[in-house]
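Contents: one structure, followed by commentary.
The values are calculated or read from the model by the stated rules, or taken from the named source; none is laboratory data. Everything numeric in this text was worked out from a predicted model, so none of it was measured. Ideal geometry is used to build each Cβ from the backbone, glycine not excepted, and the neighbour counts take in all protein chains shown.
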Amino acid sequence: MLRRLRQRLEITDVFMWLFGAVLVISIIYGSFVTISSGRFTTRQWFDVIISGLTQGSVYALIALGYTLVYGILRMINFAHSEVFMGGAFTGYFVADALNRSGFLQSNPVLGLGAVFLVAILTSILVAVLLERIAYRPLRRAPRLVPLITAIGASFFLQYVFRGLYGSQFKSYPEVNALSGTIILGTNIVIQKTQLLVIVAASLLMLVLYLFVQNTKTGKAMRAVSEDKDVAALMGIDVDAIIVRTFMLGAALAGAAGVLYALLFRNVQFFMGFIPGIKAFTAAVLGGIGNIPGAMLGGIFLGLFESVGPGLFLSGLGIPSPNQLKDVIAFTMLVMVLIFRPTGILGERLASKKA
Amino acid sequence: MNKRLFSLLALLTVSSLLAACGGAGTGDGGGELGEVVIAPGDPIHIAWIQTVTGATGPLGLTNVRGAEVALNEIGFTLLGHDIQWDGEDSLCSAEGGQAAGTRVASDPTVVAVMGTTCSSEARTASPLIAEAGMAMISPSNTNPDLTNPEHPDAHPGYFRTAHNDLFQGRVAAEFAYNELGATTAATIHDGSPYAESLQAVFAEVFAELGGTITAQAAVNVGDTDMGGVLTDLATGSPELIYFPIFEPEGNFIADQACDTSGLEDTILMGADGLLTSTFPAAAGECSVGMFLSGPYVDQALQQGFLDAYNDLFGEGPAAGFGPHSYDAMKIILAAIEAVAVVDDDGTVHIDRQALRDAMYATSGFAGLTGTLTCDANGDCATGEALAIFQVSAENVAGTVDLLTNAAYWTP
């Protein structure tokens, strides 16, 4: 054991461990300083935790789309952020129309249901077209080719939506039934919208998990992700399963789009870019290809981004810590990739799959 | 050398020679910067350098379209020539400004340039355009360095109708301290040169007047969840938060501020980056009563501009500098008309130095964004043309356009 350890130990490893240790110590020190200074009240701590969880749930839903497609095709679908945008942006027109007619305020459940439905269907349509037109012809091409195509498709979709709906910010109506807060304890106050986002996202993730584990399609998806060729030999229609995977990811992205829009209320053709990058980060963080990993990664990332700057950066005396939110997110990614290259829940991939 | 390569090279040489001879060219006559000669039937070429794609795309697109409203009024013709209106995307970065500036500057038919969108682009594009002898006017660069004669980023032939941050930051601070009586304030910027220098000027003047700045925070472009930064600011309990940033980050801050414990009654204040038709609805109920600084505009003129814009493009301006762009184009057109020499056969001569001089001499120009007088440094908008506006419940409901609100306070 010891001999093996000595053989494997290299100077870069030592450096990396030192780097990690310094980072962990400064995080602990910073958090200690902030907490002991009493700068934030308990109520404020819960506020940032809840807003982090909310943002994280949206990341997680989008991240699932990246992870599902990666699991099956070993490609990163960079146009997924545009699938998310397409759903949210189209949903706006339904929400706006229903709001003008008064239906959304008088029947919020049915009204929001319609918005979700349209957004999800739009996202699915975009994803299916994307798969059919941009990715399927490249199924046997080298892996770099579909990756570059995905980036091109992403730009194409952005400017198609700009052409369709214009470049102005559109704002979702405020649903009266969702305004206001729910008091869960003396220090825990949650906005109704945030509660909706967290609950809806959790439900969707649960449904997805059960779907993949228990249904025939889910089983076929897992088989295709293990080995496409053998799956085809077992009588699985690989192309059909791939399309269904895209549809599944798109449905989650469409739902995430509406949840995002209810939360932040601004939609525009460029809105998918940053959430897309963050969700991709979350998927890698959790272990790309791994479904629970994407969920965990998303929530982890949202929480870290929200709590991190106040907790340990301000304790270290760094000015305007919230600007460094992305630094926290990506440092976390780098650290996970150094010490656990497959991600938090990622399994060791066989060389054929990786 | 093989035969095919040789013939290709020969072809290239001949065609480049032909290109150099043909077309409207720059003669050597006239002033030291040369002159543009436009033969009968050739167009007068005005180019733009704007960010029309990416996250800042809507801002540059609105600039291009604002200028098009002005061009459309004259049917894209001037002095009997068509106006050629095209340009380069500059991507809101120094590299993009350099690339776009190089391309535009290398085209001798360009008479004047409408650019840039971002101050960072102007830093690299402006010296190239100045070198080529062209005049460039920006509707949305606000960084003070660009027209500070002491600073290396200031170049001859550079103008702007956007407000220099020095004016706007000062007006905002004076309003907050003297008029609203706020004694503590916090600022938020987004790391852009625009917001960073605006909030710095605000903080400096506010402290000079006797106020206290509790925190100067920052967010990233692309952030959506502002809970962290707002909670952080709440610990200093400022009476006012000044966030001179753009959509959508500004929308998120305004929307989330009144839900943050400790900031329920804090006064919100922004700048002209948020003075758009879409902001109040996007920020929601929280933005009612919020203050915004921006150009003092004649309401009837503004309405006319908005109607024309809507007719042409099927949507309202996506960002706040459309009127500035309209005015900038008007200044270019007026200057060309003033200095152009038209021959009997319709050939137009435009002396580059004279064009610049005519633009520097712009004085008392009644524009959409107030009365414009260009100074020797190229600043055409002055502090007197600024006003403070307040967001009303009607703006949020969408029944009244924020851009047509009457000024709440003028300095």
*Inspect the range B:254-262 for any residue being without any contact (Cβ under 8 Å) to a residue 24 or more places away in the chain and surrounded by fewer than 23 Cβ atoms within 10 Å (Cβ to Cβ) and give the result as yes or no.*
no
*Take B:Leu33 and decide whether it is over 18 Å from B:Pro127 (Cα atoms) and touching a residue at least 40 places away in the same chain (Cβ under 8 Å).*
no
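So that you can scan it fast, the table gives a plain yes or no per residue for (1) of a type outside the set (S, T, N, Q); (2) without any contact (Cβ under 8 Å) to a residue 60 or more places away in the chain; (3) at negative phi:
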residue: B:Gly75; (1), (2), (3): yes, yes, no
residue: B:Leu79; (1), (2), (3): yes, no, no
residue: B:Asp86; (1), (2), (3): yes, yes, yes
residue: B:Leu91; (1), (2), (3): yes, yes, no
residue: B:Glu95; (1), (2), (3): yes, yes, yes
residue: B:Gly101; (1), (2), (3): yes, yes, yes
residue: B:Val110; (1), (2), (3): yes, no, yes
residue: B:Thr117; (1), (2), (3): no, no, yes
residue: B:Ser120; (1), (2), (3): no, no, yes
*Taking the range B:165-190 as the search range and keeping residues that are touching a helix residue (DSSP H, G or I) at 6+ places or on another chain (Cβ under 6 Å) and small (Gly, Ala, Ser), which one is modelled with the lowest pLDDT?*
B:Gly169
*Can we say A:Gln44 is away from chain B (no Cβ under 13 Å), over 30 Å from A:Gly287 (Cα atoms) and not charged (D, E, K, R)?*
no
*Can you find a residue in the range B:116-127 that is within 24 Å of B:His151 (Cα to Cα) and either touching a Lys or Arg at 6+ places or on another chain (Cβ under 6 Å) or in a strand (DSSP E or B) (or both)?*
no
*asked:* Among the residues of the range B:145-160, what is the count of those that are touching a residue at least 40 places away in the same chain (Cβ under 8 Å) and out of contact with any strand residue (DSSP E or B) (no Cβ under 7 Å at 6 or more places or on another chain)?
replied: 4
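Listed here are the residues, each with its yes/no results for (1) within 19 Å of A:Ala63 (Cβ to Cβ); (2) surrounded by fewer than 24 Cβ atoms within 10 Å (Cβ to Cβ); (3) modelled with pLDDT of 90 or more.
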| site | (1), (2), (3) |
| --- | --- |
| A:Gly218 | yes, yes, yes |
| A:Leu233 | no, yes, yes |
| A:Ile241 | no, yes, yes |
| A:Ile277 | yes, yes, yes |
| A:Leu285 | yes, no, yes |
*Just to be sure, is B:Thr371 among the hydroxyl-bearing types (Ser, Thr, Tyr), part of a strand (DSSP E or B) and in contact with a strand residue (DSSP E or B) (Cβ under 8 Å, 6 or more places away or on another chain)?*
yes
*Tally the residues that are among the aromatic types (Phe, Trp, Tyr) and touching a Leu at 6+ places or on another chain (Cβ under 7 Å), restricting the search to the range A:30-62.*
1
*Is it the case that A:Val224 is more than 13 Å from the chain's Cα centre (by Cα), surrounded by 24 or more Cβ atoms within 10 Å (Cβ to Cβ) and outside any loop (DSSP other than H, G, I, E, B)?*
yes
*asked:* I'm checking my understanding of the structure. Among residues of the range A:133-154 that are touching a helix residue (DSSP H, G or I) at 6+ places or on another chain (Cβ under 6 Å) and in contact (Cβ under 8 Å) with a residue 12 or more places away in the chain, which one is nearest to the other protein chains (Cβ to nearest Cβ)?
replied: A:Ser154
*Hey, could you check the range B:287-302 for residues that are more than 14 Å from every other protein chain (Cβ to nearest Cβ) and among the hydrophobic types (A, V, I, L, M, F, W, C) and say which is surrounded by the fewest Cβ atoms within 10 Å (Cβ to Cβ)?*
B:Ala300
*Residue that is facing chain A (nearest Cβ under 8 Å), touching an Asp or Glu at 6+ places or on another chain (Cβ under 9 Å) and not basic (Lys, Arg), where the choices are B:Gly262, B:Gly284*: B:Gly284
*In the range A:162-211, how many residues are of a type outside the set (A, V, I, L, M) and over 27 Å from B:Ser277 (Cα atoms)?*
10
*When you look at A:Arg340, is it out of contact with any His (no Cβ under 9 Å at 6 or more places or on another chain), charged (D, E, K, R) and more than 9 Å from chain B (Cβ to nearest Cβ), yes or no?*
yes
_Verdict on A:Phe161 being under 29 Å from A:Met221 (Cα atoms) and either at pLDDT below 85 or part of a helix (DSSP H, G or I) (or both)_ = no
_Residues of the range B:233-244 that turn out to be more than 19 Å from B:Glu174 (Cα to Cα) and surrounded by 24 or more Cβ atoms within 10 Å (Cβ to Cβ), as a count_ = 2
*For the range B:63-95, which residues satisfy the criterion of being more than 17 Å from B:Glu337 (Cα to Cα), in contact with a strand residue (DSSP E or B) (Cβ under 7 Å, 6 or more places away or on another chain) and small (Gly, Ala, Ser)?*
B:Gly87, B:Ser90
_Just to verify a result, which residue in the range A:155-201, among those that are loosely packed, with under 15 Cβ neighbours inside 10 Å and small (Gly, Ala, Ser), is farthest from the other protein chains (Cβ to nearest Cβ)?_
A:Gly185
*asked:* Against the condition in contact with a Phe, Trp or Tyr (Cβ under 6 Å, 6 or more places away or on another chain) and of a type outside the set (Val, Ile, Thr), how does A:Ala63 come out, does it pass?
replied: no
*Can you confirm whether the range B:348-364 contains a residue that is at pLDDT below 90, farther than 30 Å from B:Gly289 by Cβ and not aliphatic (A, V, I, L, M)?*
yes
*Filter the range A:47-67 down to residues that are among the hydrophobic types (A, V, I, L, M, F, W, C) and facing chain B (nearest Cβ under 9 Å) and give me whichever is nearest to A:Leu252 (Cα to Cα).*
A:Val58
*Inside the range B:322-353, can you point out the residues that are in contact (Cβ under 8 Å) with a residue 40 or more places away in the chain and either surrounded by fewer than 19 Cβ atoms within 10 Å (Cβ to Cβ) or within 14 Å of chain A (Cβ to nearest Cβ) (or both)?*
B:Gly322, B:Glu337, B:Val342, B:Asp345, B:Gly346, B:Thr347, B:His349, B:Gln353
_Enumeration of residues in the range A:164-211 that are aromatic (Phe, Trp, Tyr) and either part of a loop (DSSP other than H, G, I, E, B) or over 24 Å from B:Val396 (Cβ atoms) (or both)_ = A:Phe169, A:Tyr172, A:Tyr209, A:Phe211
*Among the candidates A:Val284, A:Val327, single out the residue that is away from every other protein chain (no Cβ under 12 Å) and of a type outside the set (Lys, Arg).*
A:Val284
*asked:* Going by what's in this entry, would B:Ala376 be described as small (Gly, Ala, Ser) and assigned to a strand (DSSP E or B)?
replied: no
*Take the range B:175-224 and flag every residue that is within 29 Å of A:Gly272 (Cα to Cα), of a type outside the set (D, E, K, R) and in contact with a Lys or Arg (Cβ under 7 Å, 6 or more places away or on another chain).*
B:Asn220
